[in-house]
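The values are calculated or read from the model by the stated rules, or taken from the named source; none is laboratory data. Here the structure is a predicted model, which is why all the values come from computation and not from measurement. Neighbour counts are summed over all protein chains in view; Cβ atoms, including those assigned to glycine, are modelled from backbone coordinates with ideal geometry.
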Amino acid sequence: MTDQSLSVLGGRDNSEAAALKRASDTPRMLHRPGAVRSSTRPFVKNGILARISLQELASVGEYLEPVVLRERAILQEPKKQLEHIYFIESGLVSLRIVAAGSILETAVMGHRGAVGASLLAGGHLVTHQSVVLFPGSAHRILVEDLRRVLPECSEIREHLFQYAQALNLHCAQTGLCGVRHDREKRLACWICLASDSLESDVLPITHDYLSSMLGLRRPGVTETLIRFEQQGLIRKTRGVLQIGDRRSLERRACSCYKVIAGAYFAAEAPTSANNSIHGSLESYLSAL
Ligand SMILES: [Zn+2]
């Protein structure tokens with residue numbers, strides 16, 4: 001953390017600034033003025049870090065390192081040891097299955113998530129490739145450092161576990177989606193989920209990307225997006241897709257959207273998480 005960012009923190013919330021300042025002699029927490037999302041912790045945009053207590057934020061903050069996420073950067077590779085957990089602050093990360101020369105996207109992750117969170121539930125080797133789709137920033141922490149502080153940080157442990165549960169459901173639901181649902185519903189679902197993850201209605205995405213990552217023929221993707229545009233659901237200009245009518249787009253999406261969005265909502269609402277996740281799982285199972 002720079003002196004300048006410290007002065008901004010101090011001016012807005014002395015208790016939080018103090019917690020972060022105590023965390024390290026050379027604090028490294030990132031703050032970008034003007035890029036604050038609505039959360040209970042306005043200086044941390046990541047949904048997991050934003051919900052933990054100041055005490056736990058101070059404990060884990062000692063080890064956090066701010067990093068810039070450049071487009072196409074690979075954060076984790078399948079079958080390799082994971083070195084860092086990335087708490088995403090902004091941008092969008094694509095989680096992919098890579099097998100026999102084929103790549104298929106199973107989920108997208110934005111500021112609500114942490115790349116590598118599922119490994120904390122056990123296991124050592126990465127199963128997915130995680131690639132930065134839209135550039136942004138993150139706080140990263142060495143896996144061994146996070147494992148060291150987790151026993152005394154019940155909140156962050158709980159939030160990571162809940163997020164990993166929702167992400168697992170997202171990946172599984174994507175598998176069902178690719179087999180059972182048609183192109184139009186899948187594209188509408190992807191756009192809504194990416195928009196939620198990015199907290200933006202503007203997505204710098206190309207037809208080629210959607211075609212290759214969703215396993216759809218490119219002419220079909222173009223045809224569907226043209227139809228969406230004619231119906232006022234989206235607008236397209238030079239590689240940028242902007243959502244025009246979000247509610248209608250959600251109605252056009254397959255049932256996977258509500259199942260996945262519901263799982264993330266439940267993960268972020270700890271008091272009712274068990275019931276909500278159970279409800280999401282029931283919806284998931286009923287769609288099989
Ligand atoms: Zn679907």
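Here ARG247 meets the list (1) within 16 Å of the ligand (Cβ to nearest atom); (2) without any contact (Cβ under 8 Å) to a residue 60 or more places away in the chain; (3) of a type outside the set (Val, Ile, Thr) almost entirely, failing just condition (1). Filtering ALA172, ALA194 for residues that are in contact with a Leu (Cβ under 6 Å, 6 or more places away or on another chain) and within 16 Å of the ligand (Cβ to nearest atom) leaves a single hit, ALA194.
From the list SER200, SER212, exactly one residue is without any contact (Cβ under 8 Å) to a residue 40 or more places away in the chain and crowded, with 16+ Cβ neighbours inside 10 Å. Which is it?
Matching residue, one of SER200, SER212: SER200.
Evaluate the following for LEU160: is it out of contact with any helix residue (DSSP H, G or I) (no Cβ under 8 Å at 6 or more places or on another chain) and crowded, with 19+ Cβ neighbours inside 10 Å? Explain how you work it out, then say what you get.
Details: out of contact with any helix residue (DSSP H, G or I) (no Cβ under 8 Å at 6 or more places or on another chain): no; crowded, with 19+ Cβ neighbours inside 10 Å: yes.
For LEU160, the condition - out of contact with any helix residue (DSSP H, G or I) (no Cβ under 8 Å at 6 or more places or on another chain) and crowded, with 19+ Cβ neighbours inside 10 Å - is not met.
Quick one: is LEU150 more than 13 Å from the ligand (Cβ to nearest atom) and in a helix (DSSP H, G or I)? The answer is yes for LEU150.
Residues in the range 114-131 that are outside any helix (DSSP H, G or I), within 23 Å of PHE265 (Cα to Cα) and of a type in the set (A, V, I, L, M, F, W, C): ALA114, VAL115. Listed by first and then second residue, the pairs with beta-carbon distance under 9 Å, at least 6 apart or on different chains, first residue in the range 164-176 and over 13 Å from VAL108 (Cα atoms), second within 10 Å of the ligand (Cβ to nearest atom) and among the hydrophobic types (A, V, I, L, M, F, W, C), are LEU176/CYS256; LEU176/ALA287. Residues in the range 223-244 that are away from the ligand (no atom under 16 Å from the Cβ), surrounded by 15 or more Cβ atoms within 10 Å (Cβ to Cβ) and β-branched (Val, Ile, Thr): ILE234, ILE243.
Close contacts from the range 57-75, counting a first residue that is of a type in the set (Phe, Trp, Tyr) and a second that is surrounded by 19 or more Cβ atoms within 10 Å (Cβ to Cβ), with Cβ to Cβ under 6 Å and a gap of 6+ residues or different chains, come to TYR63/ILE141.
SER283 passes every criterion in (1) among the small types (Gly, Ala, Ser); (2) touching a strand residue (DSSP E or B) at 6+ places or on another chain (Cβ under 7 Å); (3) modelled with pLDDT under 95 apart from (2).
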